[in-house]
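The values are calculated or read from the model by the stated rules, or taken from the named source; none is laboratory data. Note that the structure is a prediction, hence the values are computed from the model and not measured. Here the Cβ positions follow ideal geometry from the backbone for every residue, glycine too, while neighbour counts run over all protein chains shown.
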Amino acid sequence: MANARRSGFRRLGVDLTDRSTIMQVMTPSADTQTRILESARELIHARSYADVGVTAICEHAGVNKGSFYHFFPSKRDLTIAVLDTYYLEMKEQLLDRAFSSDIPPLQRLERLAVLIYEFQKEVADRAGHILGCPFGNLAVELSTQDEPIRRKVAEIFARLRADIRQTLEEAVETGAVQGIDVGATAEAMLAYFEGVMLMAKTRNDPDVLRQLLPALAQIRIAHPGD
């Protein structure tokens with residue numbers, strides 16, 4: 001947990017597939033883009049999309065609006081880029097660790113619950129309140145107002161659902177579970193996860209996650225007619 005706790009979701013801005021890029025001193029333009037991304041991510045997660053304007057992002061990042069619009073045509077485009085970085089870091093720091101094949105499939109879901117609780121608890125201790133799921137937050141706020149952002153969130157949810165589904169398929173293959181509709185169960189698990197996150201945010205209490213998230217691994221949806 002040490003790496004996740006130190007970094008949170010903070011690593012951004014370079015192409016990690018290009019080692020030459022990592023070894024070079026970051027250019028001013030790349031540094032500016034990174035600061036804009038990090039500022040938007042921090043402000044929108046802590047507050048809301050509607051409450052954070054371009055001016056606030058630029059002031060937080062220490063850049064002018066000309067620099068902002070050089071990299072991002074609009075706040076929407078910036079937000080979509082922020083969602084992509086959120087997902088990549090969540091995958092690296094939480095999902096890849098949770099779904100590692102070193103333990104049986106259902107135990108991976110239990111480990112996911114622990115990692116999510118510990119991360120949200122750390123954020124709450126630092127910020128003073130539960131910030132919730134960055135994807136779920138934007139889904140609730142913007143799904144009826146901004147179609148491109150809604151589609152991006154739906155795409156990320158589909159990736160999360162696929163990870164859960166693959167784990168369930170392995171559980172079925174090993175005989176750990178039987179007679180379930182794997183797709184529907186994965187969907188139900190994701191829905192339960194987002195609901196618990198919303199409840200924890202509403203109550204501003206990380207213990208809601210500690211108490212309820214472990215039950216995610218017990219959800220089963222049977223095939224229709226079974």
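If the requirement is being of a type in the set (Phe, Trp, Tyr), over 19 Å from GLU155 (Cα atoms) and touching a residue at least 40 places away in the same chain (Cβ under 8 Å), which of these qualifies: PHE119, PHE72, PHE68?
Result of the check over PHE119, PHE72, PHE68: PHE119.
Within the range 155-211, which residues are within 14 Å of GLY136 (Cβ to Cβ) and in contact with an Asp or Glu (Cβ under 7 Å, 6 or more places away or on another chain)?
Answer for the range 155-211, where residues must be within 14 Å of GLY136 (Cβ to Cβ) and in contact with an Asp or Glu (Cβ under 7 Å, 6 or more places away or on another chain): just ARG161.
Can you go through PRO134, PRO105 and tell me which one is within 20 Å of the chain's Cα centre (by Cα) and in contact (Cβ under 8 Å) with a residue 24 or more places away in the chain?
When all the criteria are applied, what remains is PRO134.
Kindly indicate which of LEU83, LEU12 is at pLDDT 50 or above and within 18 Å of the chain's Cα centre (by Cα).
LEU83
Being of a type in the set (Ser, Thr, Tyr), at pLDDT 95 or above and over 23 Å from ASP207 (Cβ atoms) narrows it down to one residue among THR34, THR55; which is it?
Every option except THR55 fails the conditions.
If you check ILE149 against the conditions, is it among the aliphatic types (A, V, I, L, M), surrounded by 18 or more Cβ atoms within 10 Å (Cβ to Cβ), within 14 Å of the chain's Cα centre (by Cα) and farther than 14 Å from LEU43 by Cα?
So ILE149 does not fit the description; no.
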